[in-house]
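In what follows, a structure is listed as structure tokens, so that the remarks can point back to it.
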Amino acid sequence: MKRLNLSSEKGIYLVLDPQAKPEEELFQDLKGVFQYPLIAVQIWDHFSPEQDARAFIENVCELANPYLFPVLINNSWEWVNKTALDGVHFDQIPADFTPIRKRLPKNTLLGLTCTNDLSLLQKAEEKGFDYLSFCSVFPSANAGACELVSKGTLRKAAECSNLPFFLAGGIRTDNLGELASIPHQGLALISGIMGQANPAKAMEQFSYLLKTKKSNEVNND
């Protein structure tokens with residue numbers, strides 16, 4: 001199984017909504033988006049009753065196979081043993097996490113959504129999670145169930161945890177600058193990429209802005 005495609009530069013952790021658009025159009029968009037060095041791809045378990053979830057997951061994994069980044073499923077961990085998925089991202093630690101973990105391959109990639117509750121950081125490390133995603137840093141329709149995470153929480157998280165973490169929720173090119181002072185490994189984006197008229201172009205723009213801001217940070221040190 002693949003690991004997070006991390007580098008010294010901040011990158012994009014892409015989240016896919018299976019219902020965002022017709023599958024043919026979505027997969028065509030992914031061919032362009034996957035040309036960029038993504039950190040990971042997460043499939044939101046938001047399938048319609050008419051969709052073939054297994055076929056969708058396998059199609060995403062097949063498209064991602066030539067690249068370094070892993071593919072994860074949101075919450076529905078059962079799919080890891082049935083498909084070519086590399087891991088699972090949990091919105092919260094399941095009450096029965098220990099037996100679930102035993103049923104997953106030992107090298108399964110594990111991610112967890114966090115808010116302002118910093119006690120989750122220690123629990124995540126103790127239970128063997130590989131990364132965290134903080135949601136929501138800005139108001140967002142896609143992250144409607146998430147409370148807003150304070151910048152103070154994010155700074156404390158960077159100080160007290162060794163796990164890489166990503167920022168999610170309402171991130172756009174015009175508010176990206178507000179996150180420049182927050183230590184993080186990248187951005188978890190859904191509508192910011194796949195919700196745009198040209199997702200590949202959106203990827204190019206975000207990638208350029210992240211590199212530019214990284215360069216500015218170095219020059220200002």
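Taking 0.36 nm per residue of sequence separation and subtracting the Cα-Cα distance, how much length would be gained by fully extending the chain between residue 28 and residue 172, in nm to one decimal?
My answer for the length gained is 49.6 nm.
Using the structure shown, select from 82/106; 2/106; 151/211 the pairs with a Cα to Cα distance greater than 18 angstrom.
From the list (82/106; 2/106; 151/211), the Cα-Cα distance tops 18 Å for 151/211.
Pairs of Cα atoms under 8 Å, at least six residues apart: use those to get the relative contact order of the chain, whole percent.
22
To the nearest 0.05, how large is the calculated FRET efficiency for residue 35 and residue 119 if R₀ is 41 Å and r is the Cβ-Cβ distance?
0.55
Mean-square fluctuation check for the chain, GNM, Cα pairs under 10 Å: which of 191, 181, 150 is largest?
Greatest mean-square fluctuation among the candidates belongs to 181.
Could you give the C-alpha radius of gyration of region 94-155 expressed as a fraction of 2.2 N^0.38 Å, taking N as the number of residues it contains?
Ratio of Cα Rg to 2.2 N^0.38 Å: 1.26.
Have a look at 192, 177, 87 and tell me which one the Gaussian network model of the chain (Cα, springs below 10 Å) gives the largest fluctuation.
Residue with maximal mean-square fluctuation among 192, 177, 87: 177.
Sketch the reach of a paramagnetic label on residue 158 as a point 7 Å from Cα along Cα-to-Cβ, and name the residues of region 179-196 whose backbone nitrogen lies under 11 Å away.
Those under the cut-off are 179-186.
Assuming a viscosity of 1.002 mPa s and a temperature of 20 °C, what translational diffusion coefficient in µm² per second does Stokes-Einstein assign to region 1-130, Rh being the Kirkwood radius over Cα pairs?
139
Identify, among 34, 170, 182, the residue whose Cα sits farthest towards the positive end of the charge dipole of region 11-220, taking +1 on the Cβ of Lys and Arg and -1 on the Cβ of Asp and Glu, with the dipole about the Cα centre.
182
Per the Cauchy relation, a quarter of the hull surface: what is the mean projected area of the convex hull of the alpha carbons in the chain, in nm²?
The directionally averaged projection comes out at 11.8 nm².
Springs between alpha-carbon pairs under 10 angstrom, Gaussian network model over the chain: which of 170, 11, 195 fluctuates most?
Looking only at 170, 11, 195, the biggest GNM fluctuation is shown by 195.
Residue 156: which lysines have alpha carbons under 17 Å from its alpha carbon, excluding same-chain residues fewer than 8 sequence positions away?
123
Take residue 48, project a point 7 Å from its Cα along the Cβ direction, then tell me which residues of region 15-30 have their backbone nitrogen under 13 Å from it.
From region 15-30, the list is 18-26.
Set Lys and Arg Cβ to +1 and Asp and Glu Cβ to -1, take the dipole of region 1-99 about its Cα centre, and tell me which of 61, 84, 1 lies farthest positive.
Positive-end residue among those listed: 1.
List the cysteines in the chain whose Cβ has no other cysteine Cβ under 4.7 Å from it.
61, 114, 160
Report the charge-dipole magnitude of region 11-220 in Debye, nearest 20, computed about the Cα centre from +1 at each Lys and Arg Cβ and -1 at each Asp and Glu Cβ.
With only Lys, Arg, Asp and Glu charged at Cβ, the dipole is about 620 debye.
Would you calculate, for the chain, the mean residue ellipticity at 222 nm contributed by helices, counting each DSSP H stretch of 4 or more residues as -39,500 (n - 2.57) and dividing by all residues, to the nearest 500?
After summing the helix terms and dividing by residue count, I get -10000 deg cm²/dmol.
Around residue 188, which amide H atoms from residues at least 5 apart in sequence, or from another chain, sit under 5 Å from its own amide H, with H modelled in the peptide plane?
Here the answer is 13, 167, 168, since their amide H atoms fall under 5 Å of that of residue 188.
For the chain, with the dipole built from +1 on Lys and Arg beta-carbon atoms and -1 on Asp and Glu ones, taken about the Cα centre, which of 152, 137, 74 lies farthest toward the positive end?
Value computed over the given set: 152.
According to the Cα gyration tensor, what semi-axes, each the square root of 5 times an eigenvalue, does the equivalent ellipsoid of region 92-221 have, listed from largest to smallest in whole Å?
27, 18, 15
Just report the Cα centroid separation between region 38-80 and region 148-188, whole Å.
Between the Cα centre of region 38-80 and that of region 148-188, the gap is 25 Å.
Distance in nm between label sites at residue 67 and residue 212, each 7 Å beyond Cα in the beta-carbon direction?
2.2
Rule-based calculations on the coordinates, nothing more; no lab input. The shown structure was predicted, so the numbers you read here are calculated from the model rather than taken from an experiment. All Cβ positions, glycine included, derive from the backbone under ideal geometry; neighbour counts span all protein chains shown.
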